[in-house]
Amino acid sequence: MKAFLESSYERRVRYKQSNFGAGFDGYSFPGQEDSINQAYDDALHSMVLSDYFPIDSYPEEFQPFLHGQYQEIKSRIFTQMEAWNVQNLGSYTCSVSVNYYPPSKTLDLSQKADHRLTAHVDGSLFTFFPFGNDDQLEIELKGQWQSWPAHNVMICFPGYLAQLISNSEINALNHRLNWPIGEHEERFSFAFFVVPKKSTTIRLRSSGMHE
């Protein structure tokens with residue numbers, strides 16, 4: 001990710017989401033007004049990758065990851081969901097958001113937000129963090145925000161698609177990210193989203209069939 005970010009702005013924006021046009025695939029950056037997966041004042045660079053497109057569609061810096069570790073982690077995730085007896089696994093795949101949060105002191109935003117990443121729910125069936133999380137992650141439970149303790153193992157929580165399919169028996173987890181204590185602290189995260197395969201029809205319990 002850092003190698004990609006060291007390339008020119010003109011090269012990076014060739015990989016914006018608008019040049020992919022499916023899912024959330026593509027590059028987003030701080031201050032961007034047309035990203036579909038992060039707000040203008042979210043303080044991160046993200047590259048969303050998936051198997052919606054051929055691997056050579058993505059920047060060359062990410063291609064070794066897509067050929068190797070992405071496939072290994074995806075296999076671990078689906079093995080876990082099979083153990084949970086998740087239905088219709090063949091209808092799903094994974095996308096991954098490779099996220100880089102630069103030191104806050106380096107950002108040039110017109111107005112600094114209250115949080116490094118604003119509150120949101122993911123559009124996924126499930127979201128997995130295969131390398132765990134740090135102590136900046138906060139979650140909303142019963143209307144109250146609380147810190148999610150740091151872990152160095154895989155964590156998982158439900159996204160909005162799980163809420164739709166279950167007719168709200170399962171609720172998507174609202175979450176956000178605090179600023180670090182130090183202005184010079186950078187941060188990486190890898191969020192794997194379980195999402196429908198292209199052109200898949202998903203049955204929602206409350207309202208029939210949806211593309």
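General observations
- For peptides 64-77, 29-42, sequence by mean Cβ density within 10 Å, most packed first: 29-42, 64-77
- Taking label points 7 Å from Cα along the Cα-to-Cβ direction, ILE170 and ILE139 give a separation of 1.3 nm.
- Magnitude of the charge dipole for the chain, about its Cα centre and with charges confined to Cβ atoms of Lys, Arg (+1) and Asp, Glu (-1), is about 480 debye.
- Structure-derived semi-axes √(5λ) of the Cα gyration tensor in Å: which label, when the choices are (1) 36, 19, 14; (2) 24, 22, 17; (3) 27, 22, 17: (3)
- Whichever lysines have a C-alpha closer than 17 Å to that of LYS2, once near sequence neighbours (fewer than 8 apart) are set aside: LYS16
- The calculated FRET efficiency for the pair ALA113 and SER57, based on their C-beta separation and a Förster distance of 41 Å, comes to about 0.85.
- Relative to the current alpha-carbon distance between LEU89 and ALA22, full extension at 0.36 nm per residue lengthens the span by 22.1 nm.
- Inter-probe distance in nm under a simple model that places probes 7 Å from Cα toward Cβ, at LYS197 and GLU185: 4.2 nm
- Carbon-plus-sulfur accessible fraction, the chain (probe radius 1.4 Å, protein heavy atoms only): 48%.
- Leading residue at positive end of dipole, segment 39-99 (Cβ point charges), from VAL96, GLN80, TYR52: GLN80
- With contacts taken as Cα pairs under 8 Å at a separation of at least 6 residues, the chain carries a relative contact order of 21 percent.
- Surface analysis of the chain yields an accessible area of 53 Å² per residue, using protein heavy atoms and a 1.4 Å probe.
- Partners of LYS142 within straight-line reach, counting lysines whose Cα lies under 30 Å from its Cα and excluding those fewer than 8 residues away in the same chain: LYS112.
The values are calculated or read from the model by the stated rules, or taken from the named source; none is laboratory data. It should be emphasised that the depicted structure is a prediction, and the values quoted were computed from it without experimental measurement. We place every Cβ from the backbone using ideal geometry, glycine too, and count neighbours over all the protein chains shown. Only protein heavy atoms, including side chains, enter the accessible area calculation; ligands, DNA and RNA are left aside. Shrake-Rupley method; radii C 1.70, N 1.55, O 1.52, S 1.80 Å.
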